[in-house]
Each structure stands twice: as structure tokens, then as C-alpha cells.
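First comes the structure, then the notes that go with it.
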Amino acid sequence: MRNSWFRIAAFILLSTAPANLYACTLVSDDFEDGNDAGWTRICENGSGVDCLFEVSGGTYKLQQVDVNARVWSILDASHGACDFVFQADFKSNSYDKKVIFRADPAGPRYELNLRANPFNDLFLHSPIGDLAHITGISNTVGSWYTIRVQVVGSHIQVWVDDTLKIDLHDTTLVSGAVGVRAHKHGAVCEYDNVQFTPLGLTAVGESSWSYLKEIFR
């Protein structure tokens with residue numbers, strides 16, 4: 001009888017919750033399949049020829065071809081209002097390297113920009129302005145680095161190569177997707193080993209019923 005009541009409560013919880021609350025799904029992409037299936041390409045302020053999206057050599061390459069275009073790509077399975085960990089390897093032939101999170105295809109998003117020498121710094125930008133500017137992070141053009149973002153409620157933490165660099169709270173954006181972005185005209189940014197891991201109950205996703213059966217059996 002106890003399990004029956006748990007099942008009823010779980011059904012009510014899942015059927016009455018906001019649709020986007022359970023949209024986040026565990027996913028990883030190493031681009032060894034040669035395509036960017038599961039990603040949505042966005043060429044803001046431009047047409048298809050103004051932005052380059054290419055998967056080759058096991059990496060995802062983005063390039064801002066036109067000076068006025070903004071090129072980014074969001075991971076479809078990461079849409080939602082869940083807590084999460086987002087990790088990716090990235091490099092660029094310019095000094096800018098960017099990832100985004102809590103991103104809306106219409107534009108609002110958080111952006112992280114790890115800039116190589118001569119800047120050697122890390123910016124966290126929100127729609128209302130810069131939230132953090134960390135200096136003294138040595139990194140070079142053309143080298144790979146790993147960035148990891150953990151968001152739990154309003155708590156945002158960012159690691160570069162396993163070293164915590166940003167630890168703050170902000171409530172500007174509460175939902176959206178994670179993604180990658182090329183910055184600077186002509187620069188090519190490359191991405192690999194992308195991992196998105198939802199945290200907590202909001203990670204249930206499409207497997208919600210199976211997940212709850214394991215909890216309440």
C-alpha cells in the first residue's frame with residue numbers, strides 16, 4: 001500500500017510540474033560521429049554563409065565569417081530550468097574562447113570567455129553586464145583547456161582545468177540551454193568532449209517514471 005501511495009504522488013508530481021522543469025537530459029558528445037546532431041545552429045545577424053559550423057577530426061568547429069554575425073550552437077537536450085554540470089574542452093586560433101549557459105535562442109544568456117595572452121583572464125557576462133573578471137589565468141592561443149560550469153539554483157561555479165575560478169550567486173537567468181560560441185571575426189573555435197549532467201529531481205527527464213520506480217520500489 002505504501003508503494004502505491006508513492007506511485008500516485010509521483011504521478012501527480014510529474015504530470016502537474018511545468019513542462020520545462022523536466023526537459024534536461026544527460027548527454028555527452030565527443031563528435032566522433034562526424035556530425036552535430038542534437039545541436040541547434042544559430043547565426044545571429046547573418047545568413048548561413050556568414051557563420052561556419054563544421055564537425056571534422058573529432059571536434060566541433062565554429063567560425064564567425066562575417067564581421068556582423070554572431071555564431072553559436074546550443075545543445076538541445078540541455079533546455080530547461082534544472083541544476084546542472086556542463087563541461088567542455090575548447091581552444092581557438094585567436095585569444096577568445098567561449099561557452100554559454102542558461103541560453104535562450106532569442107538571445108539572453110550567460111557567457112564565459114577565457115582569453116589567452118596577452119590578456120590571460122576569464123569573464124562571466126550576463127544580460128545585465130559583467131558578473132566576474134578573473135585575471136592571472138595563464139593560457140595560450142591554440143592550446144586545449146577544460147572549462148566546467150556548475151549551476152545549483154542561483155549558485156554559479158566555474159572551473160578551468162579543475163581549478164575553481166568563479167564562485168558567486170546570480171538570479172538574472174533561471175532557465176535555458178548550454179552551448180558553444182565563436183567570437184572575433186575570422187577566428188575558429190574548436191570544442192570537444194562536451195558533457196551535460198543534470199542534477200537532482202529536475203534531471204529525471206524522459207526516464208522519469210523509471211527513475212521514480214527505482215526510488216520507490
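Some observations on this one:
- Of all the residues in segment 81-96, those that are touching a Phe, Trp or Tyr at 6+ places or on another chain (Cβ under 7 Å) and modelled with pLDDT under 95 number 1.
- Any hit, segment 201-217, residues being touching a helix residue (DSSP H, G or I) at 6+ places or on another chain (Cβ under 9 Å), surrounded by 17 or more Cβ atoms within 10 Å (Cβ to Cβ) and modelled with pLDDT of 80 or more: no
- E111 falls short of the stated requirement of being of a type in the set (D, E, K, R) and closer than 23 Å to E32 by Cα.
- Residue match in segment 89-97 (condition: within 18 Å of L173 (Cβ to Cβ) and more than 10 Å from the chain's Cα centre (by Cα)): no
- Looking only at segment 35-51, residues that are crowded, with 18+ Cβ neighbours inside 10 Å and over 11 Å from Y191 (Cβ atoms) come to 4 in all.
- Selection from segment 52-78 of residues that are without any contact (Cβ under 8 Å) to a residue 60 or more places away in the chain and out of contact with any helix residue (DSSP H, G or I) (no Cβ under 8 Å at 6 or more places or on another chain): F53, E54, V55, S56, G57
- Restricting A81, A88, A132 to residues that are touching a helix residue (DSSP H, G or I) at 6+ places or on another chain (Cβ under 8 Å), surrounded by 14 or more Cβ atoms within 10 Å (Cβ to Cβ), of a type in the set (A, V, I, L, M) and in contact (Cβ under 8 Å) with a residue 24 or more places away in the chain narrows the list to A81.
- For segment 65-82, the tally of residues that are farther than 14 Å from Y110 by Cβ, assigned to a strand (DSSP E or B) and not polar (S, T, N, Q) stands at 4.
- Residue match in segment 125-143 (condition: touching a strand residue (DSSP E or B) at 6+ places or on another chain (Cβ under 7 Å) and closer than 18 Å to Q195 by Cα): no
- Looking only at segment 31-43, residues that are touching a residue at least 60 places away in the same chain (Cβ under 8 Å) and either more than 18 Å from the chain's Cα centre (by Cα) or at positive phi (or both) come to 1 in all.
- Qualifying residue in segment 41-58 (condition: closer than 23 Å to D162 by Cα and in a strand (DSSP E or B)): no
- Note on segment 91-110: among residues that are charged (D, E, K, R) and under 18 Å from Y60 (Cα atoms), the one that is surrounded by the most Cβ atoms within 10 Å (Cβ to Cβ) is K97.
- All positions within segment 96-143 that are part of a loop (DSSP other than H, G, I, E, B) and of a type in the set (V, I, T): I128, I137, T140, V141
The values are calculated or read from the model by the stated rules, or taken from the named source; none is laboratory data. Being a predicted model, the structure only gives us computed values, none of them experimental. Counting neighbours? That spans all protein chains shown, and the Cβs are built from the backbone with ideal geometry, glycine included.
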